[in-house]
Amino acid sequence: IDFFDQRGMQVGPVVSALRMRADAHRHEGALDAAAADFERALVIARKLQGDKPYSSHTGRVLASMHELHRARDQPDEARRAAAQAAEHLGRALGPEHPDTRKALAAATP
């Protein structure tokens with residue numbers, strides 16, 4: 001992440017790295033640090049998405065944010081994030097992709 005930051009590069013690998021670091025923070029119980037990395041990853045993912053209606057990067061960040069909301073005991077926000085993730089992933093990767101299926105299952109009460 002530092003490598004890309006030092007060069008001002010906002011590219012797909014940064015989104016993935018931020019998402020992975022946020023997941024690690026979440027597993028460690030550092031939920032505020034996880035939220036900060038997820039929010040930053042989402043901003044970059046949406047910037048990369050541009051005028052395209054759907055993005056796998058955006059969908060994967062939203063899917064991970066679902067887990068953060070669950071860890072914070074925010075079930076409504078968790079379902080919303082999962083539903084948005086499912087829409088992005090379904091359109092970008094297809095309805096049968098494992099990530100799409102997982103997000104769909106998480107969005108269902």
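Shown in residue order for region 25-33 are the 3J(HN,Hα) couplings computed by the Karplus curve 6.51 cos²θ - 1.76 cosθ + 1.60 at θ = phi - 60°: 4, 4, 5, 7, x, 8, 5, 5, 5 Hz (x for Gly and Pro). Panel values: the chain, Kirkwood radius from alpha carbon pairs, Stokes-Einstein at 25 °C and 0.890 mPa s, translational diffusion coefficient 178 µm²/s.
Rank Asp37, Asp99, Asp51 by mean-square fluctuation in a GNM of the chain with C-alpha springs under 10 angstrom and give only the top-ranked residue. Ranking Asp37, Asp99, Asp51 by mean-square fluctuation puts Asp51 first.
Here the contact order of the chain, divided by its residue count and restricted to Cα pairs under 8 Å and six or more residues apart, works out to 20 percent.
The relative contact order of region 48-109, computed from alpha carbon pairs under 8 Å that lie at least 6 residues apart in sequence, is 34 percent. Calculate, for Asp76 and Glu96, the FRET efficiency according to 1/(1 + (r/R0)^6) with r their C-beta to C-beta distance and R0 35 Å; round to the nearest 0.05. It comes out at approximately 0.80.
When the solvent-accessible area of the chain is split by element, carbon and sulfur atoms take up 51 percent of it, the probe being 1.4 Å.
The values are calculated or read from the model by the stated rules, or taken from the named source; none is laboratory data. Note that the coordinates shown come from a computational prediction; the quantities given were computed from them, not determined experimentally. Positions of Cβ are backbone-derived with ideal geometry, glycine not excepted, and every protein chain shown enters the neighbour counts. Note: areas computed on protein heavy atoms with side chains; ligands, DNA, RNA excluded. Shrake-Rupley method; radii C 1.70, N 1.55, O 1.52, S 1.80 Å.
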